[in-house]
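Peer 1: Quick one: this structure, given as structure tokens, is what I'll be asking you about.
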Amino acid sequence: MDNMREMRKKRQDGKYELTLEIGDSAYFGTYEDVDLKSGEDLVRNYLRTNSDDASFDDIKIKYNKNRHTVRVTAELDYITGDHKDYTNRSKLM
């Protein structure tokens with residue numbers, strides 16, 4: 001997706017906090033609503049596009065109309081070592 005910024009922060013427990021900020025015009029060109037299902041789909045597609053095998057959880061999504069951005073946050077886990085097959089992921093782990 002165009003017009004997206006990625007930020008990652010490693011936590012002390014070994015997990016990462018992922019933040020994706022997307023321009024609202026790019027976001028609404030793909031998704032109709034700012035809801036959990038769209039947030040999950042965005043994170044899943046982002047990870048798949050970047051060949052990233054992290055498990056994800058705790059999705060949050062917010063629309064900031066003043067800044068014209070949609071922000072999606074998620075918790076990423078690499079510690080378990082379980083490499084996932086994304087074609088079979090239809091819901092949060």
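Peer 1: Residues 9, 84, 37: which one is charged (D, E, K, R) and modelled with pLDDT of 95 or more?
Peer 2: Exactly one residue qualifies, and that residue is 37.
Peer 1: Follow-up question, since we're still on this one. Would you confirm whether any residue within the stretch 15-30 is modelled with pLDDT under 90 and over 10 Å from the mean Cα position of the chain (by Cα)?
Peer 2: Yes, some residue in the stretch 15-30 is modelled with pLDDT under 90 and over 10 Å from the mean Cα position of the chain (by Cα).
The values are calculated or read from the model by the stated rules, or taken from the named source; none is laboratory data. Since we're looking at a predicted model, the values are computed, not measured.
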